[in-house]
Amino acid sequence: MNDVLQNLVKLQTLEFDSNEKKPNEAGELRGKIPLPILSHYDRLRARGKRGIAAVRNSVCTGCHMVLPVGVVMTLKHDEDIQLCDSCGRYLYLAEVVETQPVQNLPSTKIGARARKRKVTEHAAS
């Protein structure tokens with residue numbers, strides 16, 4: 001992810017998620033972001049929206065719309081900054097968390113005969 005998007009994510013975290021307001025840190029981050037990008041971010045923020053959204057599984061997490069493949073590929077190649085066509089937020093790729101496959105889990109499926117046996121035993125009692 002390029003530096004501008006990283007700074008936008010940090011700024012948004014400071015402004016929306018942080019309980020403590022740190023004007024010095026926010027001011028430093030604002031100085032590192034180009035003015036056209038910052039003004040678009042501020043317009044979204046003035047409407048109460050977040051200015052940047054993560055992309056997970058080719059879906060914008062801001063509006064939950066599927067993104068075109070070209071937008072996702074541009075983000076993967078880190079060629080340019082992209083906007084969501086639906087909500088107007090800046091987009092960045094969320095870090096993928098690798099999961100380990102689960103191995104050798106016992107089956108919890110009850111066969112038809114065993115289920116029938118349990119029902120008849122329960123009815124008989």
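The values are calculated or read from the model by the stated rules, or taken from the named source; none is laboratory data. As the structure is a prediction and not an experimental result, all values here were calculated from the model. For accessibility, only protein heavy atoms count, side chains too; no ligands or nucleic acids. Shrake-Rupley method; radii C 1.70, N 1.55, O 1.52, S 1.80 Å.
Which of rounded, prolate or oblate describes the stretch 1-59 when judged by the alpha-carbon gyration tensor and an a/c cut-off of 1.5?
Rounded is the answer for the stretch 1-59, as its axis ratio a/c remains below 1.5.
How much length, in nm to one decimal, is gained on full extension between Ala46 and Leu93, taken as 0.36 nm per residue of separation minus their Cα-Cα distance?
14.5 nm
Express in Å², to the nearest 10, the accessible area of Glu15 obtained by rolling a 1.4 Å probe over the protein heavy atoms while all chains stay in place.
30
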